[in-house]
Amino acid sequence: MSVALVIVSHSVQLADGVVELAAQMARDVLLRAAGGTDDGRIGTSFDKVEAAVAELRAGGHDVAILTDLGSATMTVEAVLDFLDDDERAHVRFADGPLVEGAVAAAVTAQVGGDLDAVVQAARARELFA
Amino acid sequence: MSDTLSTAWALAWIRGAQAVLSEHRMELIDLDRAIGDGDHGENMDRGFRAVVAKLEAGADDVQGVLKIVASTLMSTVGGAAGPLYGTAFLRAAKAADGDLDSDGVAAIIAGALEGIVARGKATTGEKTMVDAWTPALEAARAAAAAGATPTATLRAAAEAAAAGAEATIPLRATKGRASYLGERSIGHKDPGATSTAYLLAAAADAAEAA
């Protein structure tokens, strides 16, 4: 089962930009941006994150989610709380710096890493220290 | 004034909260501009307008009202307040069993605080909404234990929340976006603690008007 990523940022453009950057080194990995509020303002959207996760899960992927700031992380954790118990093993928050973490996680997914490996890779500072 | 707080109270509370948050929108924006990203007034106003629209269809019981508030705030409030208040109302809903007596009032406030702590991982003294919810719970428990009516229990909680919000002014923020400001966060009232005080005041107002 391959791992896909959801990039959650307060900014639509930042989420899209991180997806663009990470995709360059991970052509076969599915990356979804969930940036901004439902109406495109600065903020995060429970519904956007939930929809991205649902789409990737429906495609049979495990999902790692990265965030830009604390309140985005709270939104993600709220989404995780609403998942069924058997889904929770397949969807994880990956705690790390957004840009480096997303690139490291995407590359790890590209080379066939499982969800644990991808989540671990997202802590990119440790990796490159 | 009846002995328990019903669905009608819960609906009146939330409508009242929307009005008071709308009225204080600029104040919350200014407080949040000082130590945050400035979106709190806008987000709360937007969120509660959406909640009131959702509640036009009514709800079966107090728990039902609180659940609708939770899910709507979660989806419509873009800032940190969405997941925080969303989780607060969700846990409050879980704690609500039928109409509320004084212990029931304390139970929903306990649920709300527990939800906020679980989601935000904050504790008291960090200049967050926890600094309003914690004294509110203590006051509600004390009032309920002393035999106060549900309405008086809510009023005690609201007053404690307001005092708790005021007491955030000298604090240095160590959680959330304001913590990036370090010492410069001192001297400003926390916007989340302030909106908490308005919310609980609206709950007490609705009970007194019933």
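FYI, it's all coordinate maths here, none of it is from the lab. As the structure is a prediction and not an experimental result, all values here were calculated from the model. A quick note on method: Cβ atoms are made from the backbone with ideal geometry, for glycine too, and the neighbour counts reach across all protein chains shown.
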Relative exposure of A:THR75, A:THR37, judged by other C-beta atoms within 10 Å (fewest first): A:THR37, A:THR75
Cut-off 15 Å (backbone N to label point 7 Å along Cα→Cβ of B:MET26), residues of the range B:41-56: B:41-42
With 0.36 nm assigned to each residue of separation and the Cα-Cα distance removed, B:ALA145 to B:ALA210 gains 21.1 nm
Given the rule -39500 (n - 2.57) for each run of at least 4 DSSP H residues, summed and divided by the residues of chain A, what is its mean residue ellipticity at 222 nm, to the nearest 500 deg cm²/dmol? -15000 deg cm²/dmol
What is the magnitude of the charge dipole of chain A about its Cα centre, with +1 placed on the Cβ of each Lys and Arg, -1 on the Cβ of each Asp and Glu, and no other charges, expressed in debye to the nearest 20? 400 debye
Give the distance, in whole Å, between the Cα centre of the range A:49-92 and the Cα centre of the range A:108-122. 16 Å
Multiplying the sequence separation of A:GLU100 and A:ASP28 by 0.36 nm and subtracting their Cα-Cα distance, what value in nm do you get? 24.1 nm
What is the spin-label model distance, in nm, from B:THR124 to A:PHE82 if the labels are put 7 Å beyond Cα along the C-beta direction? 3.3 nm
Those lysines that a straight Cα-Cα span of less than 28 Å connects to B:LYS67, excepting residues fewer than 8 apart in one chain: A:LYS48, B:LYS54, B:LYS94, B:LYS121, B:LYS127, B:LYS175
Going fewest to most other Cβ atoms within 10 Å around each Cβ, B:ILE169, B:ILE29 line up as B:ILE169, B:ILE29
Return A:HIS61, A:HIS90 ranked ascending by Cβ neighbour count within 10 Å, so the fewest neighbours appear first. A:HIS90, A:HIS61
Collect residues whose amide H, placed 1.01 Å from N in the peptide plane, falls under 5 Å from the amide H of A:GLY35; neighbours closer than 5 in sequence don't count. A:SER9
Any chance you could give the angle, 0 to 90 degrees and rounded to 10, that helix B:40-54 forms with the longest Cα principal axis of chain B? 20 degrees
Relative contact order, percent, chain B [alpha-carbon distance under 8 Å, six or more residues apart]: 24 percent
So who's got an amide H within less than 5 Å of the one on A:VAL91, skipping anything under 5 residues away but keeping other chains? H placed 1.01 Å off N, in plane. A:VAL63
